[in-house]
Amino acid sequence: MAATTRTPLRTTAEDALKIVIVGGFGAGKTTMVGSVSEIRPLSTEEVMTQASVGIDDASRVRTKSTTTVAFDFGRITLNASKVLYLFGAPGQQRFWYVWDQLFAGSLGAVVLVDTRRLEDSWYSIDRLEHHQTPFVVAVNRFTDGPTLDSVREALALSPEVPLIDCDARERSSSKRVLITLIEHLTRTHDQLPARESMP
């Protein structure tokens, strides 16, 4: 196996931007961070043991042998001065307390969805709406499943929330998800009322 290329942070980098990737257990968050990061991602994955039996529902992700216990971290250089940092949140309910800290200072979020377990996405969407954090929903297509319209209806997403298909294993697909989020953030910002001048 070839050694992982190290991409040093540019000395001209001044602006750090943050995006969080959330979703249910086994939805592909670690995979997405790894597919687009220009550096070897920091991952807090640990081997799943008997201690998780009865706590983490792995019944529909039987091939999963590891799980994130804190967060995943990756980096993308946007230009000479701007750097995007990606944080993948842990999916199990017992680690949800970490999410509020991860949301702090983030521009927006990606909700990664597995159509076999749509109900696992409800908490993600609820917390993002609670924090008033803009987000997009990306359907990680493990198998053929419901249409995007059906997913939108099942998750009760408003028409303003972008919803797209993706393959978190593919860099180009994950990149398209992030571009969709940035475009959504730009539209949202442009629609905000102008601030009144200070007297």
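Laboratory data are not the source of any read-out in this text; all were calculated from the coordinates shown. Being a predicted model, the structure only gives us computed values, none of them experimental. FYI the Cβ positions are ideal-geometry reconstructions off the backbone, even for glycines, and counts take in every protein chain you see.
Counting just the Cα atoms, what span does region 84-171 cover along each of its three principal axes? Round to the nearest Å and put the largest first.
Cα extents, longest axis first: 34, 28, 27 Å.
By average Cβ neighbour count within 10 Å, what is the ranking of 26-35, 110-119 from highest down?
So the peptides 26-35, 110-119, ranked by packing, come out 26-35, 110-119.
Run the quick spin-label model on LEU42 and VAL98: label points 7 Å from Cα toward the beta carbon, then report their separation in nm to one decimal.
1.2
List the trypsin sites (Lys or Arg not before Pro) in region 120-190 that DSSP assigns to loop (not H, G, I, E or B) and whose Cβ has at most 14 other Cβ atoms within 10 Å. Which are they?
Those that pass, being in a loop and sparsely packed, are ARG169.
In the neighborhood of LEU84, defined by Cβ-to-Cβ distances under 12 Å, what is the net charge if each Lys or Arg adds +1 and each Asp or Glu adds -1?
Net local charge, LEU84 excluded: +2.
Excluding PHE135 itself, calculate the net charge of residues whose Cβ lies under 14 Å from the Cβ of PHE135, where each Lys or Arg counts +1 and each Asp or Glu counts -1.
Around PHE135, the surrounding residues sum to +1.
If you plug each phi of region 30-40 into the Karplus form 6.51 cos²θ - 1.76 cosθ + 1.60 with θ = phi - 60°, what whole-Hz ³J(HN,Hα) values come out, in order, with x for Gly and Pro?
4, 5, 5, 4, x, 6, 10, 5, 7, 10, 5
Can you figure out the FRET efficiency of LYS82 with ARG116, using R₀ = 30 Å and their beta-carbon distance, to the nearest 0.05?
So, using R0 = 30 Å, E works out to roughly 0.25.
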